[in-house]
Amino acid sequence: MKTVESPKAPLAIGPYSQAIYAKDTLYVSGQLPKDLTGDIQKQTLESLTHILAIVEEAGLKKSEIVKCTVFMKDLTMFQTMNETYQAFFGEHKPARVTVEVKRLPKDALIEIDAIAVKS
């Protein structure tokens, strides 16, 4: 196993790593946006950009992301989040779970984690 950290993503704020690479699988911890003043669109894009930075730091590509979990503070923003998510991934469609949670660290609107597998 190998710890993966990208300077292009926020450092872990607790006793965990940005990501762990085990064999051919990268497990990316939940990524929050740095700018918490933005709307759901901006926060979604920033969280996904952090994930991609970590994935690329591990030597993988966006197309190798196989699953994401999206944690949202308010599912009434789902459609806007989904449009931003779809624009980010384009034709690539990782498996996904989206859940509403009462509160996220730093009062973010969204947190996203990911799993990527080397092809």
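Residues satisfying the criterion are absent from segment 48-68 (criterion: more than 24 Å from SER119 (Cβ to Cβ), of a type in the set (Val, Ile, Thr), within 14 Å of the chain's Cα centre (by Cα) and crowded, with 16+ Cβ neighbours inside 10 Å). Of the residues making up segment 100-119, just one is basic (Lys, Arg) and either surrounded by 13 or more Cβ atoms within 10 Å (Cβ to Cβ) or touching a His at 6+ places or on another chain (Cβ under 6 Å) (or both), namely LYS118.
Could you go through segment 82-96 and let me know if any residue there is more than 13 Å from the chain's Cα centre (by Cα) and either surrounded by 18 or more Cβ atoms within 10 Å (Cβ to Cβ) or within 19 Å of LYS8 (Cβ to Cβ) (or both). Scanning segment 82-96 turns up no residue that is more than 13 Å from the chain's Cα centre (by Cα) and either surrounded by 18 or more Cβ atoms within 10 Å (Cβ to Cβ) or within 19 Å of LYS8 (Cβ to Cβ) (or both). Looking at this structure, is SER17 farther than 14 Å from ILE112 by Cα, of a type in the set (S, T, N, Q) and in contact (Cβ under 8 Å) with a residue 40 or more places away in the chain? Taking the combined requirement at face value, the residue does not satisfy it.
Read-outs: derived from the displayed coordinates by stated rules, not from any lab. Quick caveat: nothing in here was measured; it's all calculated off a predicted structure. Because the Cβ atoms are built from the backbone with ideal geometry, glycine has one as well, and the counts that use them run over all protein chains shown.
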